Amino acid sequence: MRLKDKVAIVTGGASGFGAGIVKKFLEEGARVVIADINAEAAQTAAKAAGDMAMAHVVDVSKDESVAMLAKATLEAFGKIDILVNNAGVTHLPSALDEVSEADFDRVFSVNIKSVYLTAKHIVPHMKENGKGAILNVASTGGVSPRPRLTWYNASKGWMITATKGMAVELAPQGIRVNAINPVAGETPLLKSFMGEDTPEVRAKFLSTIPIGRFSTPEDMGNAACFLCSDEASMVTGVAMEVDGGRCI
Ligand SMILES: NC(=O)c1ccc[n+]([C@@H]2O[C@H](COP(=O)([O-])OP(=O)(O)OC[C@H]3O[C@@H](n4cnc5c(N)ncnc54)[C@H](O)[C@@H]3O)[C@@H](O)[C@H]2O)c1
């Protein structure tokens, strides 16, 4: 029960890594808001979890929507101890000069602007409480980018810099801010990174991961649990690879 009595918001919590983080947080005793744009998936996940979870439909790229998320969480659970900025999208693999402006704007608003918006609406509450833990789900692509996912990778590089800036600014207020950098993982998003899901493309991705397997939602749940728990009370500003050695 490493997160007993904590209240956590997990954006994009209805699928993939977010669902893995939600599952681990619930197992460790937290109350969790599954904050996702996919209402049906969020509600199904919350129903399965019972009283300890609540679904909330949010578009993390919209100011008013994020304001409502903070308000609804405080009304339901009274406080916010942990925020996981996990919701994210990508453009399809493509030459950097061929990605449409609409795709660029979507990646920018969901992966980048959301970190600003959740900070705007949730950090004031954490400051008031004198404590909090924020976790940004970035990517190995933000550290060691590969071709054809350039604007997605750049959004994750931004997230890592934001993590460090937020950490140093918020440390005096007792708020820790960390990131995890997952390597390619078994989630619905994987197909979008690969372009096409064939044995050849899978083998190409796997060949870059020394441990020899894709990452899983469980891997992210375990790393997120540590970084958001009081066990990590001296850890802030870290962007931790959860990547089977891919960034070495
Ligand atoms: N899967 C990978 O290989 C991989 C690797 C590195 C980093 N990541 C990052 O991990 C995070 C989770 O990815 P995943 O693979 O679990 O993806 P996923 O597509 O399985 O889940 C993403 C969730 O975010 C939700 N979402 C999308 N846009 C939203 C919005 N505007 N507002 C609220 N919710 C929204 C979706 O409905 C979905 O439930 C993302 O930030 C992604 O960039 C994924």
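FYI, it's all coordinate maths here, none of it is from the lab. Computed from a predicted model, the values in this text were never measured in an experiment. Cβ placement follows ideal geometry from the backbone for every residue including glycine, while neighbour counts extend to all protein chains displayed.
Could you tell me which residue of segment 86-106 is surrounded by the most Cβ atoms within 10 Å (Cβ to Cβ), considering only residues that are within 9 Å of the ligand (Cβ to nearest atom) and among the β-branched types (V, I, T)? In this case the residue turns out to be T90. When S144, S155 are screened for being touching a residue at least 24 places away in the same chain (Cβ under 8 Å) and part of a loop (DSSP other than H, G, I, E, B), only S144 passes.
Every condition in (1) of a type outside the set (G, A, S); (2) crowded, with 23+ Cβ neighbours inside 10 Å; (3) within 14 Å of the ligand (Cβ to nearest atom); (4) part of a helix (DSSP H, G or I) is met by L83 except one, and the failing one is (4). Here segment 127-159 is the region considered, the condition is being over 15 Å from the mean Cα position of the chain (by Cα) and surrounded by 23 or more Cβ atoms within 10 Å (Cβ to Cβ), and the residue that is farthest from the ligand (Cβ to nearest atom) is G132. Number of residues in segment 175-191 that are out of contact with any strand residue (DSSP E or B) (no Cβ under 7 Å at 6 or more places or on another chain) and under 19 Å from N85 (Cβ atoms): the value is 3. With respect to the conditions (1) of a type in the set (S, T, N, Q); (2) touching a Gly at 6+ places or on another chain (Cβ under 7 Å); (3) under 20 Å from V89 (Cβ atoms), S192 lacks only one, and its number is (2). So, T90, is that one of a type outside the set (G, A, S), in a loop (DSSP other than H, G, I, E, B) and in contact (Cβ under 8 Å) with a residue 60 or more places away in the chain or not? It is true that T90 is of a type outside the set (G, A, S), in a loop (DSSP other than H, G, I, E, B) and in contact (Cβ under 8 Å) with a residue 60 or more places away in the chain. Within segment 181-206, being under 17 Å from the mean Cα position of the chain (by Cα) and exposed (fewer than 12 other Cβ atoms within 10 Å of the Cβ) holds for one residue alone: P188.
Filtered by the rule that a residue be in a loop (DSSP other than H, G, I, E, B) and in contact (Cβ under 8 Å) with a residue 60 or more places away in the chain, segment 27-73 gives a lone residue, E28. Would you please name the residue that is farthest from the ligand (Cβ to nearest atom), looking only at residues in segment 2-33 that are at positive phi and surrounded by fewer than 24 Cβ atoms within 10 Å (Cβ to Cβ)? Among those that are at positive phi and surrounded by fewer than 24 Cβ atoms within 10 Å (Cβ to Cβ), it is D5.
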